[in-house]
């Protein structure tokens with residue numbers, strides 16, 4: 001699991017630029033699948049047939065990570081940028097990024113003033129991202145172009161995956177490469193001779209800019225039930241807005257609702273029952289501040305009973321996210337158990 005996630009995090013793939021991630025995943029999972037293809041929006045859709053008759057399950061984890069795009073190259077060689085996905089302007093200054101140009105990745109720093117100039121500045125000011133810039137070490141705009149950088153190039157955080165403390169990981173892009181890793185492991189390690197029906201593993205595109213990939217993928221799959229697998233913010237640090245309902249290292253989150261979905265009650269209860277059976281502590285997630293691919297998956301055709309398995313994460317959408325390997329292992333066990341628990345196409349529909 002650790003090496004798989006390390007490799008996934010090392011691949012650049014912000015919103016609309018997921019091709020490197022999709023290529024890696026295709027090479028890894030296509031030999032195991034009955035069907036694998038990339039659609040017109042860049043979703044990688046993988047189907048595995050079970051050994052028994054039964055329902056169609058759609059699983060989704062998004063490949064894209066939050067990032068940026070080069071908007072303008074100034075004459076002095078500094079880059080102006082646009083956001084891809086949700087960012088907090090407060091955490092941007094002085095962070096290390098990679099600009100992915102025609103000649104490969106170039107290191108950059110989101111600029112800020114020296115601390116020695118702080119007393120001459122408004123200390124309470126949070127500069128809007130459009131006032132910020134990226135320094136790639138070029139002397140002027142011609143130097144930037146010689147480096148292979150042009151307008152429209154993608155920009156990602158530069159933090160690699162690192163071991164962190166007690167069985168935890170530090171890095172960027174865990175949202176949602178961690179979910180992608182779980183889908184890969186579920187495909188590789190589940191005994192599909194015992195699976196009823198077929199399972200679609202969707203590695204979706206452009207989730208961070210409006211769940212766009214999931215919407216397109218859902219239209220191609222006649223799912224009887226669906227699950228998204230994604231990270232969710234842990235609320236166990238001392239900031240006043242946190243309420244301690246989702247703990248890092250506290251086990252899988254089982255979503256009840258968020259800003260894009262009220263989870264199907266029967267799907268949620270199945271997940272809770274499986275947690276109890278597996279002796280896994282499950283954390284019920286009620287948090288309207290986010291959305292996942294499930295927000296589009298549940299609205300397709302006549303409606304699809306949908307739930308979410310959530311991976312607790314600290315410092316989401318920042319260059320230094322933190323996850324717990326114990327949570328990852330338990331999320332995988334829960335995901336596999338859900339796949340193996342399905343029997344009939346309409347089992348989540350009846351009153």
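The values are calculated or read from the model by the stated rules, or taken from the named source; none is laboratory data. Predicted model only: the values in this text are computed from it and were never measured. Cβ coordinates were reconstructed from backbone atoms using ideal geometry, including for glycine residues, and neighbour counts include every protein chain displayed.
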Considering every residue within the range 252-260, establish whether at least one is crowded, with 18+ Cβ neighbours inside 10 Å and over 18 Å from the mean Cα position of the chain (by Cα). no
Please go through the range 172-230 and give me each residue that is in a loop (DSSP other than H, G, I, E, B) and more than 12 Å from the chain's Cα centre (by Cα), ordered by number. 190, 191, 195, 210, 219, 220, 221, 222, 223, 224
Lone unmet requirement of (1) buried (at least 18 other Cβ atoms within 10 Å of the Cβ); (2) free of Cβ contacts under 8 Å to residues at least 40 places away in the same chain; (3) not assigned by TED's automatic domain parsing to the domain that holds residue 182 for residue 351: (1)
Would you confirm whether or not the range 181-202 contains a residue that is touching a helix residue (DSSP H, G or I) at 6+ places or on another chain (Cβ under 7 Å), under 21 Å from residue 68 (Cα atoms) and either surrounded by 20 or more Cβ atoms within 10 Å (Cβ to Cβ) or at pLDDT below 95 (or both)? no
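Looking at residue 251, is it on the phi > 0 side of the Ramachandran plot and in contact (Cβ under 8 Å) with a residue 40 or more places away in the chain? Before you say what the answer is, go through the steps one by one.
Details: on the phi > 0 side of the Ramachandran plot: yes; in contact (Cβ under 8 Å) with a residue 40 or more places away in the chain: yes.
For residue 251, the condition - on the phi > 0 side of the Ramachandran plot and in contact (Cβ under 8 Å) with a residue 40 or more places away in the chain - is met.
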Residue by residue through the range 265-317, note down the ones that are in a helix (DSSP H, G or I), in contact (Cβ under 8 Å) with a residue 40 or more places away in the chain and buried (at least 20 other Cβ atoms within 10 Å of the Cβ). 267, 270, 271, 274, 275, 294, 295, 296, 297
I'm trying to understand the selection: among the residues of the range 158-170, which are assigned to a strand (DSSP E or B) and either in contact with a strand residue (DSSP E or B) (Cβ under 6 Å, 6 or more places away or on another chain) or modelled with pLDDT under 95 (or both)? 162, 164, 168, 169, 170
Would you pick out the residues in the range 28-77 that are out of contact with any strand residue (DSSP E or B) (no Cβ under 8 Å at 6 or more places or on another chain) and without any contact (Cβ under 8 Å) to a residue 40 or more places away in the chain? 31
